Amino acid sequence: MDFTLTETQSLLKDTAERLVREKYTFDERKKIVAADESYSKALWDEFASLGLLGVEIDEDCGGIGGSFADLAIVLEAFGRGLVVEPYLSTVVIGVGLINTADKGDRRKDLLTQVAAGTLTLALAHGEPKSRYSLEHVETRARKDGGDYVINGAKAVVIGGDSADKLIVSARTDGNATDRNGVTLFLVDGNAAGIHKRAYRNMDDRGAAEITFENVRVPESAVLGPVGGALPLIEAANDRGAAALCCEAAGAMKAVNEITLEYLKTRNQFGRPIGKFQVLQHRMADMAMAEEQARSMVYLAVDFANEPDAAERAQAISAAKVQISHSGQIVGRGAVQLHGGIGMTIELVVGHYMRRLTSIEKMFGDIDWHIGRFAAA
């Protein structure tokens, strides 16, 4: 694998890092989190103007026609900045699903809107009883003339609180845990019969519990094959996990830099606490954890769009396990090395730890991915 950045990747890196450094300081982020909206629409428009929303979107749709490796550059910078905008739900998962499941004019229209910053997306798939079982879908869509009528409930829909369009999984055939019979529908986020309970997760990102009560959609709302959407959902889940690996790498790098600087400047007993050997050892462990994670990020990026489901599952699970483990070492270590102040909401270190903890739980936790890796 060639680790040298291309000209496009270097430009994306400079653009994303400068945006985070200049426009997404911790103080600015606190203002966004404290606002009524779950993200800054002004910043979202800026993401669009800089081309950051169209990284994997074709040029004829307003994007730059890049790869997941290009997208990873932006994701790492956003992990460093603890960006709360719905980039994961829209640009990673939403665009990925539309690219693989949709064809023709609708696909072009949707992707053009995403690249322009006028459309946000969210995958409404997980359910109260499903845990990490992607095939467990109790939400039903019954045929009624030329329409489908959707009834059911979705849990912890990332970005679902503000999404313009929801990509909803519903069972058109079979029992709740059958692999076959799951269909995806593109549904307006404020359609009649949709009820949302919006909230922020512990990492400050917007999410929602969503119920569907006799939500009527036309047959044209079907996204992908009727009854055969599960492979698409599994691929989207793996893309999401790979994206989180990239974010985690950026977060861990930032945490280690902040903590190292704190050890150099915080004085105790007449000298910097970084002079104490036991703290040096802890910092060394954190640095090693970051490096171990980074090596697995390359694996996740390489297999994020792998068409072979078994190979993709094994690689993504291996990366997610190591990166989640490294994130715990770095996040907990940073809080402990900062002492009591590390637990306060006023210090950014605690926010990094909350994000790294959330990353470990999203799209399958350590135990789930170890099990999937063993099965693969």
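The values are calculated or read from the model by the stated rules, or taken from the named source; none is laboratory data. Not measured: the values here are computed from a predicted model. In this analysis, Cβ positions are derived from the backbone assuming ideal geometry, glycine residues included, and neighbour counts consider all displayed protein chains.
Residues that are part of a helix (DSSP H, G or I) and free of Cβ contacts under 8 Å to residues at least 60 places away in the same chain: does segment 237-253 have at least one?
Keep residues of segment 237-253 that are part of a helix (DSSP H, G or I), which gives 237-253.
Adding the requirement that they be free of Cβ contacts under 8 Å to residues at least 60 places away in the same chain leaves none.
No, the conditions are met nowhere in segment 237-253.
Those residues that are aromatic (F, W, Y) and within 15 Å of G350 (Cα to Cα), I need them from segment 244-286; list them, please.
The answer is Y262, and nothing else.
Can you say whether K30 is out of contact with any His (no Cβ under 6 Å at 6 or more places or on another chain) and free of Cβ contacts under 8 Å to residues at least 40 places away in the same chain, as far as the supplied structure shows?
Spelling it out, K30 is indeed out of contact with any His (no Cβ under 6 Å at 6 or more places or on another chain) and free of Cβ contacts under 8 Å to residues at least 40 places away in the same chain.
Does I316 satisfy being in a loop (DSSP other than H, G, I, E, B) and hydrophobic (A, V, I, L, M, F, W, C)? First the steps, then the outcome.
On the way: in a loop (DSSP other than H, G, I, E, B): no; hydrophobic (A, V, I, L, M, F, W, C): yes.
For I316, the condition - in a loop (DSSP other than H, G, I, E, B) and hydrophobic (A, V, I, L, M, F, W, C) - is not met.
Just need a number here: residues in segment 1-43 that are small (G, A, S) and in contact with a helix residue (DSSP H, G or I) (Cβ under 9 Å, 6 or more places away or on another chain). It would help to see each step written out before you state the result.
Within segment 1-43, the first condition is being small (G, A, S), and the residues that meet it are 10, 16, 34-35, 38, 40, 42.
Still in the list and also in contact with a helix residue (DSSP H, G or I) (Cβ under 9 Å, 6 or more places away or on another chain): 10, 16, 38, 40.
The total comes to 4.
If I go through segment 328-350 residue by residue, how many of them are surrounded by fewer than 20 Cβ atoms within 10 Å (Cβ to Cβ) and closer than 21 Å to G240 by Cβ?
1
Just checking, does segment 163-185 include any residue being acidic (D, E) and touching a strand residue (DSSP E or B) at 6+ places or on another chain (Cβ under 6 Å)?
Of segment 163-185, the ones acidic (D, E) are 164, 173, 178.
Among the residues that remain, those that are also touching a strand residue (DSSP E or B) at 6+ places or on another chain (Cβ under 6 Å) are: none.
There is no residue in segment 163-185 that is acidic (D, E) and touching a strand residue (DSSP E or B) at 6+ places or on another chain (Cβ under 6 Å).
From the set of residues in segment 132-145 that are without any contact (Cβ under 8 Å) to a residue 60 or more places away in the chain and within 23 Å of the chain's Cα centre (by Cα), which is nearest to A236 (Cα to Cα)?
Taking the candidates together, the pick is S133.
When you scan segment 149-233 for strands (runs of 3 or more DSSP E) that lie fully inside it, which ones turn up with 2 or more residues that are assigned by TED's automatic domain parsing to the domain that holds S130, in contact with a Leu (Cβ under 6 Å, 6 or more places away or on another chain) and of a type in the set (A, V, I, L, M, F, W, C)?
Hits in segment 149-233: 182-188.
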